[in-house]
1. In segment A:221-237, which residue that is touching a residue at least 12 places away in the same chain (Cβ under 8 Å) and not in a helix (DSSP H, G or I) is nearest to the other protein chains (Cβ to nearest Cβ)?
2. Of the numbered conditions (1) modelled with pLDDT of 85 or more; (2) away from chain B (no Cβ under 11 Å); (3) buried (at least 17 other Cβ atoms within 10 Å of the Cβ), A:E164 satisfies every one except a single condition; which is it?
3. Select, from A:R259, A:R269, A:R240, A:R218, the only residue that is in a helix (DSSP H, G or I), more than 16 Å from A:E36 (Cβ to Cβ), within 14 Å of chain B (Cβ to nearest Cβ) and modelled with pLDDT of 75 or more.
4. Residues B:D296, B:D233: which one is touching a strand residue (DSSP E or B) at 6+ places or on another chain (Cβ under 8 Å), over 25 Å from B:G190 (Cβ atoms) and among the charged types (D, E, K, R)?
5. Does B:M169 satisfy being of a type in the set (A, V, I, L, M, F, W, C), under 26 Å from B:N321 (Cβ atoms) and buried (at least 24 other Cβ atoms within 10 Å of the Cβ)?
6. Can you run down the residue pairs with Cβ atoms below 9 Å, 6 or more apart or on separate chains, where the first is in segment A:60-76 and within 19 Å of A:W188 (Cα to Cα) and the partner is among the charged types (D, E, K, R) and in a helix (DSSP H, G or I)?
7. Out of the residues in segment A:167-193 meeting the condition of being assigned to a loop (DSSP other than H, G, I, E, B), in contact (Cβ under 8 Å) with a residue 40 or more places away in the chain and among the aliphatic types (A, V, I, L, M), tell me which one is nearest to the other protein chains (Cβ to nearest Cβ).
8. Out of segment B:162-201, which residues are more than 30 Å from A:P176 (Cα to Cα) and of a type in the set (K, R)?
Amino acid sequence: MGFLDGVKDELSFLGGFKLTFEHLTRPRVTRQYPEEKKPKQPRQHGRHVLNRYEDGMEKCIGCELCAGVCPADCIYVRGLDNPPDHPVSPGERYGYVYEINYLRCIHCDLCVEACPTEAITESKLFEFSFTNRADAIYTKAELLVDDAGKPQKLPWEDWRDADELHTSGWMRATSPSGSAAYEGEVQWSAELGYGVRPPEGGQSGRRDDAATGTKALRDVLETHLLDEDIPLDHRGMRGRIWRGKLSAERHKKQLEAARQRHKEAKATRAADKTTTRGADKTSEDAVDEASTAPAGPEVDS
Amino acid sequence: MEGCVAPVTDDVFVEGTRHAPRVAETSEGAQEMAPRPETDDAELRREVGAVLRMAEGPVVNANDIDIERRDDETMIINMGPQHPSTHGVLRLMLELDGETVLRTKPVIGYLHTGMEKTAEELTYVQGATNVTRMDYLSPLTNELVFSMATEALLDVEVPPRAVWIRMLMSELQRVSSHLMWMATNGMDLGSTSMMIYGFREREMVLTFFEKTTGLRMNHNYIRPGGVAADLPDGWEDDVEVICETVLARSFEYDELLTGQPIFRQRTEGIGNLSAEEALALSATGPILRSTGVPWDLRRTMPYLAYDELDFDIIVGTYGDNFDRYSIRLNEIRESIKMIRQIAARMPPGDYRIQDRKVTPPPRARIDESMEALIHHFKIFTEGFKVPEGEVYVAIESPRGELGCYLVSDGSSKPYRMHIRGPSFVNLQTVPVLLRGGLIADAVAIISSVDPVMGEVDR
C-alpha cells in the first residue's frame, strides 16, 4: 500500500497534463482578432461624434464646457454668434471651431457628461491610428455626423457593423446622475438619423436590451463559460460543426466584400481613366498634343 | 547617502571596518552600491535585515553579516529595468557570490510620471481620471481611496447602493488582479498554461467592467460622491456567471499548480520572511498575511460595509512563496464568496449623493431649472470646493494597504495628495527575501511580491 501511495505521489504531476489535454476538447477562447471582434457594449467609450438635431441643426452651442472639464486638455472649442439668416444651431451661438486631439484624449468621457445639449457623445470606435500628428487632431469637419446622422468613416478608422449604432451610451447611462428616480427616463433630445434613443432600465425595471444594445456576458463570452453553461448545440462535436459553419459564413462574407471592393476599385479606375483622358483633351496636354502632332500616330483622329 | 544611514547604537558591530559611506558619482548619483569594504556596518545591517523600526536583536544575527568578504569574490549583476520578469521597469542590482544572492538594491523611478503633482492641477471632479492610472492592475481601488479621502474631507455620507456597488467592484477588481498575478507568476515559474488560463478568466471580469464603466481599465467610475453610473441591465446574471466560472476554474489551478511537485519545489521554502521582518518593513497585504499576521483592513479597520459581510482572512505560516501563492488563490475564492453576498444584498436607491454642490443634477433637470443648469456648469468647470483640512484614508487593495493622504486648502483642487502605495512599501522586502537565495529564485520571489511599477513610481 505504501509503495502504491509513493507511486501515486510520484505521478501526481499527471493531473496537470490531464487538465491541459482536457482543453483540447473545450471550445477555443481565442478570437481571430482583426477579422473577428468581441461584441461591443453600449456604454463603451470610443471616438467622439458631434451630433445634430433631427432637423439637421447642430447641437453644439459653443459653451466650451467640454473643454473646461477635460482633464487631458485635449478639446479646443471656439464659439461664434449664429448668423441670423442661416443659423447653424438653434441657440444663440454655435461651435465655430471644434477640435479634439486624440494623442491626448484619455476617453474618460467627462466631456460627454458635461455637454448640456448632448452635442458631443461617443461612438464605439476605438481602432484608429494615424501616420502623422496632424491627422490625430480631429476637426469639426471630421467629428460632425453626416446628413444621415451617421458618423463619418475616415480611411484610417476600422469601422465594423454596429459600431455607429449605439452611440452616446455613456451619456444615457450617466444622465440620472445617481438619482434612482430618473432611471429609465428619456432625458435627452432626439438625434438625426436615430430619433429619441431608449433609456437603460436600471432600477426602474423597464428594460429593453434589443433597443439599448446591452449584451449579457453569457452571450459575449460564450466560449469562456463552463461546459454546462454552454448551450448543448455549441459544445463538443456539434459545437465544432456550428463554429465551422459560422466561420465559413464569415469567410464567405469577407470574400464577397473583397470582391465587391475589387469591382468598385476597378470601376473607379476605369472611370478615372476616361475622365483624365477627357480632361487631357481640354487641358494643356492638348497643347502638347498639338505641338507633337506631326510626329504622333493619332494625327488622323 | 550619509543622511539615511541609521546611526549605530550597538557596540557589537563597531570593531574593525567602519568606513565613511561613499557616494559614487554616476549618472544615477547616490544610487550606486558602494564597494563592500567601504560599506559600514550600519548600512550593511540595514540591507541585511529590517532594523528601522524594531530592535536589531531578533532580526539581525551579527554572525550573518559578513564584512570580511572582498569585492573580488562577489559580482554585481544588473537585472532590469527591461527584464521581462521584473514586472515592469524595476531594476535590481544583485550582488552575487556564485549563484547566491547577497545584497540587493531595488532601483526605481523608471515609470515616474508625477501623478501626485498632477493631482494638484486637477479638480476633485477630474481627479479620479488621474489616480486610476497608478496601480494599473486594480484601477478601481485607486479611485475608491481617492474618492473616500475626498468624501472624508467633505464630510458627506455616500448612499448605501453606492457603497455596495463600490464593494462589488473592488472585490471583482481583487479577483481580476489576483488572476493576473496567478497568470504572471505561473509564467515566471514556467507554466505557460497558467498564464493563458489566468488571462482567460480575467477577461470575464474585464468584460463586465467594460459593460459597466465603458472601459477595460482606468475607468473613472468611482468618483467623489458615489459611482458614475448604475450597474448595467442584467448585472446580476453577469456577476453570477463570473463567480461560478472563476470559482470552478480556481480548482483547476489547484490541479495544475498547487499539487504539482515541480511547482512546490520552486515555491516552498523560497523567499522566507518572518512576521517581525514583515512588520518592521511595513509590508502589508498578502506578504504580511503570509507570515501569519491576520492584518486585513477590511476586517481590522472596516470601511464601506465590509463589517456586514461574512468572510475569512487568509493567512499563511511560513512566509514563503508558496504561502503567498496560496493566499492569493484563496483570496480569489473569498472574494467570490463576498461578491455573491453583495449581489444578494444590493440595496436599491440612489448611487450618488444628491447634493448639488458636489454632484451634477440629473440631465432632465438642466432643461427645467436655471439653478440646476448653473450647478451643472459650476461642477464641470470649477469643480466643487472642499473644506480646509487634511485626511488619511486607507483601504485594502489587492496588494496591501493603499492609502491616500489628502490636504485641502479650501479650493476645488487638492493642495497636496500623497499615495501610500503598497507595491512601493512591499518592494522593501525584496532584499530580505532574496538574501541567501539562488539567482534562479529571484524571478519567482519578485513575482511573489507582486509589485506594480505604476504604483511604485507614481
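The values are calculated or read from the model by the stated rules, or taken from the named source; none is laboratory data. Fair warning: this is a prediction, and the values are worked out from it, not measured in the lab. Cβ: placed from backbone, ideal geometry, glycine included. Neighbour counts: every protein chain shown.
1. Filtering segment A:221-237 for residues touching a residue at least 12 places away in the same chain (Cβ under 8 Å) gives A:222-224, A:227, A:230, A:234-236.
Now drop any that are not not in a helix (DSSP H, G or I), which leaves A:230, A:235.
On the way: A:I230: 11, A:R235: 15 Å.
Looking at residues that are touching a residue at least 12 places away in the same chain (Cβ under 8 Å) and not in a helix (DSSP H, G or I), I get A:I230.
2. Checking A:E164 against (1) modelled with pLDDT of 85 or more; (2) away from chain B (no Cβ under 11 Å); (3) buried (at least 17 other Cβ atoms within 10 Å of the Cβ), the one that fails is (1).
3. Result of the check over A:R259, A:R269, A:R240, A:R218: A:R218.
4. Only one candidate passes the filter, namely B:D296.
5. So B:M169 fails the test.
6. A:C60/A:K140
7. Ranking the candidates gives A:A190 first.
8. B:R200
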